[in-house]
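The values are calculated or read from the model by the stated rules, or taken from the named source; none is laboratory data. None of these values were measured; they are calculated from a predicted model. Cβ: placed from backbone, ideal geometry, glycine included. Neighbour counts: every protein chain shown.
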Amino acid sequence: KAGVTQTPRYLIKTRGQQVTLSCSPISGHRSVSWYQQTPGQGLQFLFEYFSETQRNKGNFPGRFSGRQFSNSRSEMNVSTLELGDSALYLCASSLMNSGNEQFFGPGTRLTVL
Amino acid sequence: GIQVEQSPPDLILQEGANSTLRCNFSDSVNNLQWFHQNPWGQLINLFYIPSGTKQNGRLSATTVATERYSLLYISSSQTTDSGVYFCAVVSGNTPLVFGKGTRLSVIA
């Protein structure tokens, strides 16, 4: 079975721009979660989607948004990028919910200049 | 929300040595996972272990849910074991909450 895939793997943007990251979960998995990892804050939860509905949201500003499609693929968008948005963005998939084992993709490393 | 504390924060071992990493959590959990983050940033699943004991080769893990801790054992460590080990838990309907990790360096 193919693992979780994320595109792009690396991204360089400038302040004020917006960015869209993509995540394809493991086949059959319906829950997708997004996390941000920075050296200062560690791994922080962004949001979780299940059946195209946002089920849970972390403590991030409204510039961070996401969605899930009918095939369970998910995208997250960050608008009006700030320097502090530079981070590794990780996507995880699980069968139904966070109580199931979660599997992570390789991540997208975003640099904001 | 639930708190997750990992210890030690840093660990340096000679190749061949054994080690124990600890994860304490502040509430009951319905998911506990151990991950190894490789140098490229990917989180590799080691164990899904909300309770009980599991073994996989040189690695084993034990979670004592009633006492709110989990242990990860690494035996006969190798340089390829180096990296950051994370414990993450779910309590109720929360998302995965991660500890700050243990950075392991194995020296040849």
*Filter the range A:67-83 for residues that are in contact with a strand residue (DSSP E or B) (Cβ under 8 Å, 6 or more places away or on another chain), more than 23 Å from B:Q37 (Cβ to Cβ) and touching a residue at least 24 places away in the same chain (Cβ under 8 Å) and give the result.*
A:Q68, A:S72, A:R73, A:E75, A:N77, A:S79, A:L81, A:E82, A:L83
*Could you please find all residues in the range A:2-38 being among the hydrophobic types (A, V, I, L, M, F, W, C), over 14 Å from the mean Cα position of the chain (by Cα) and closer than 22 Å to B:F98 by Cβ?*
A:I26
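Say we look at the range A:47-65 and pick out the residues that are at the interface with chain B (Cβ under 9 Å from one of its Cβ atoms) and within 20 Å of A:P106 (Cβ to Cβ); which of these is surrounded by the fewest Cβ atoms within 10 Å (Cβ to Cβ)?
Just the residues of the range A:47-65 that are at the interface with chain B (Cβ under 9 Å from one of its Cβ atoms), to begin with: A:47-48, A:55-56, A:58.
Among the residues that remain, those that are also within 20 Å of A:P106 (Cβ to Cβ) are: A:47-48.
On the way: A:F47: 22, A:E48: 28.
Across the range A:47-65, the extreme among qualifying residues is A:F47.
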*Is the range B:27-48 home to any residue that is in contact with a strand residue (DSSP E or B) (Cβ under 9 Å, 6 or more places away or on another chain), more than 14 Å from chain A (Cβ to nearest Cβ) and crowded, with 17+ Cβ neighbours inside 10 Å?*
no
*In the range A:47-62, residue farthest from A:R73 (Cα to Cα) [restricted to those that are without any contact (Cβ under 8 Å) to a residue 24 or more places away in the chain and among the charged types (D, E, K, R)]*: A:K57
*Every pair of residues 6+ apart whose Cβ atoms lie under 9 Å, when the first sits in the range A:84-97 and is more than 10 Å from every other protein chain (Cβ to nearest Cβ) while the second is assigned to a loop (DSSP other than H, G, I, E, B) and acidic (D, E)*: A:L95/A:E101
_Filtered residues of the range B:52-81 (kept if away from chain A (no Cβ under 14 Å), among the small types (G, A, S) and under 13 Å from the mean Cα position of the chain (by Cα))_ = B:S60, B:S70
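Is it fair to say A:S22 is under 24 Å from B:A88 (Cα atoms) and either at pLDDT 95 or above or more than 13 Å from every other protein chain (Cβ to nearest Cβ) (or both)? Show your work before the answer.
Numbers: under 24 Å from B:A88 (Cα atoms): yes; either at pLDDT 95 or above or more than 13 Å from every other protein chain (Cβ to nearest Cβ) (or both): yes.
When the stated conditions are applied, A:S22 passes them.
Looking at B:R58, B:R68, can you tell me which residue is at positive phi and either charged (D, E, K, R) or touching a His at 6+ places or on another chain (Cβ under 8 Å) (or both)? Steps first, please.
Working: B:R58 fails: at positive phi.
Being at positive phi and either charged (D, E, K, R) or touching a His at 6+ places or on another chain (Cβ under 8 Å) (or both) holds for just one of B:R58, B:R68, which is B:R68.
Looking at the range B:65-108, which of its residues are acidic (D, E) and under 15 Å from B:H36 (Cβ atoms)? Please lay out each step first, then the result.
Let us first name the residues in the range B:65-108 that are acidic (D, E), namely B:67, B:81.
The answer is B:D81, and nothing else.
Quick check, is A:Q44 within 14 Å of chain B (Cβ to nearest Cβ), surrounded by 12 or more Cβ atoms within 10 Å (Cβ to Cβ) and of a type outside the set (D, E)? Working first, answer last.
Details: within 14 Å of chain B (Cβ to nearest Cβ): yes; surrounded by 12 or more Cβ atoms within 10 Å (Cβ to Cβ): yes; of a type outside the set (D, E): yes.
Answer is yes for this residue.
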*asked:* So A:P39 ticks every box in (1) within 12 Å of another protein chain (Cβ to nearest Cβ); (2) within 29 Å of B:Q3 (Cβ to Cβ); (3) touching a residue at least 24 places away in the same chain (Cβ under 8 Å); (4) not charged (D, E, K, R) but one. Which box is left unticked?
replied: (3)
